[in-house]
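J.: What follows is a structure written as structure tokens; I'll ask about it next.
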Amino acid sequence: MISLLFDIFGLPALAALACALIFTWTGRQLAPSDHRGAMVFPVAVAVGYFAGCAALARSWAALVPQANQAWQWLPYLGILAAGLAMIAHSLPKVPRAFMWDLAVFCIAPIVGAALAPTWTVYGFTRKPIIYLIAAYLLVVGIPVQRLPARLLNLSFLSAATAAATLLALVTGAMQSVTLARLAAIVAGALAGSTIACAAGPRPTDAWLRSVVPVYVALVGGAAVVFAVEPDPPQPGLLAIPLLPLAMWLMVFIPIRKAQMTV
């Protein structure tokens, strides 16, 4: 078991953690105050993930994505998701309530198109699978974006990190240690930003919402790859990125208790 953990959470995951930690810490000190978190957090996670993937063997994780090897698109999808989050944050005429939703709505179909397999899955061809992946990623991201501001704190980053870690462990145990490293790298990048946040000023909810598009692309995207790559497919893995949605229980339970006392 210990050797399995070292195989999964090895040098690439550590590289992602260190890179995201340094980028988050430095960025929060140097970026303009009005963009300090929202412009730094998503880029830190995406750059950390790219750095971790750069530490993987090039024979498997080519920097130029190869046909039928959809996981090689993940580093670029993370960078794109971070860019969309930054663009959404800078749009002056978009209501703040929908600003981060826009980034998720944009990245979901792009991830679907990049990661959808060319073969048939449960009778579905590539085009319907793209739509299904996009719909799934919207379910992963949009409810989190709708969480009340009081719940978007370090516990969200911790839940996101836990989901990526669990995805890596389950994939490593059930399928492939090599594939599991992709989720471990995301966990490392998220953990690096979490540590930097815990050691600095308290992040605002807007800063944390900016990370959601990257979470959707990298953790949700990795789960899609892990679900469709094996034969037979493993759709149960798609439940793991939904872990941060459990934070909604902190909204519904107090409401339910209040209703019972009336």
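The values are calculated or read from the model by the stated rules, or taken from the named source; none is laboratory data. Everything quoted here is computed from the prediction, not taken from an experiment. Here Cβ is always computed from backbone atoms with ideal geometry, including for glycine, and neighbour counts include all displayed protein chains.
J.: Do any helices (runs of 4 or more DSSP H) entirely within segment 177-220 hold 3 or more residues that are touching a residue at least 40 places away in the same chain (Cβ under 8 Å) and either touching a Pro at 6+ places or on another chain (Cβ under 9 Å) or under 15 Å from LEU243 (Cβ atoms) (or both), and if so, which?
T.: Numbers: elements: 177-198, 205-209, 212-215.
In segment 177-220, the matching helices (runs of 4 or more DSSP H) lie at 177-198, 212-215.
J.: Follow-up. If I filter segment 28-44 down to residues being within 17 Å of VAL219 (Cβ to Cβ) and in contact with a Phe, Trp or Tyr (Cβ under 8 Å, 6 or more places away or on another chain), which single residue comes out as modelled with the lowest pLDDT?
T.: Here is the first cut: in segment 28-44, the residues within 17 Å of VAL219 (Cβ to Cβ) are 41-44.
Now drop any that are not in contact with a Phe, Trp or Tyr (Cβ under 8 Å, 6 or more places away or on another chain), which leaves 41, 43-44.
Details: PHE41: 89, VAL43: 92, ALA44: 94.
Within segment 28-44, the match that is modelled with the lowest pLDDT is PHE41.
J.: Under 9 Å between Cβ atoms, at least 6 apart or on separate chains: pull out the pairs that start in segment 143-169 with a residue that is under 13 Å from VAL216 (Cα atoms) and end on any residue that is buried (at least 16 other Cβ atoms within 10 Å of the Cβ) and of a type in the set (Lys, Arg).
T.: Matching pairs, first to second residue: VAL144/ARG209; GLN145/ARG209.
J.: Next question. Would you say ALA163 is closer than 28 Å to ALA88 by Cβ, in contact with a Ser or Thr (Cβ under 8 Å, 6 or more places away or on another chain) and buried (at least 23 other Cβ atoms within 10 Å of the Cβ)?
T.: no
J.: Within segment 61-77, work out how many residues are part of a loop (DSSP other than H, G, I, E, B) and closer than 12 Å to PRO117 by Cα.
T.: The qualifying residues number 3.
J.: Residue pairs, Cβ under 6 Å, 6 or more apart or interchain, first in segment 106-133 and buried (at least 19 other Cβ atoms within 10 Å of the Cβ), second among the basic types (Lys, Arg) and part of a helix (DSSP H, G or I). List them.
T.: So the pair list comes out as ALA116/ARG126.
J.: To continue, here is another question. Would you confirm whether or not segment 202-209 contains a residue that is at pLDDT 85 or above and either surrounded by fewer than 24 Cβ atoms within 10 Å (Cβ to Cβ) or closer than 19 Å to TYR136 by Cα (or both)?
T.: Taking every residue of segment 202-209 in turn, at least one turns out to be at pLDDT 85 or above and either surrounded by fewer than 24 Cβ atoms within 10 Å (Cβ to Cβ) or closer than 19 Å to TYR136 by Cα (or both).
J.: Then there's this: Need the failing condition index for ALA81 against (1) surrounded by 22 or more Cβ atoms within 10 Å (Cβ to Cβ); (2) touching an Asp or Glu at 6+ places or on another chain (Cβ under 9 Å), just the number.
T.: (2)
J.: Here's something else I'd like to know. What number goes with the only condition from (1) of a type outside the set (A, V, I, L, M, F, W, C); (2) surrounded by fewer than 24 Cβ atoms within 10 Å (Cβ to Cβ); (3) in contact with a Gly (Cβ under 7 Å, 6 or more places away or on another chain) that THR178 does not pass?
T.: (3)
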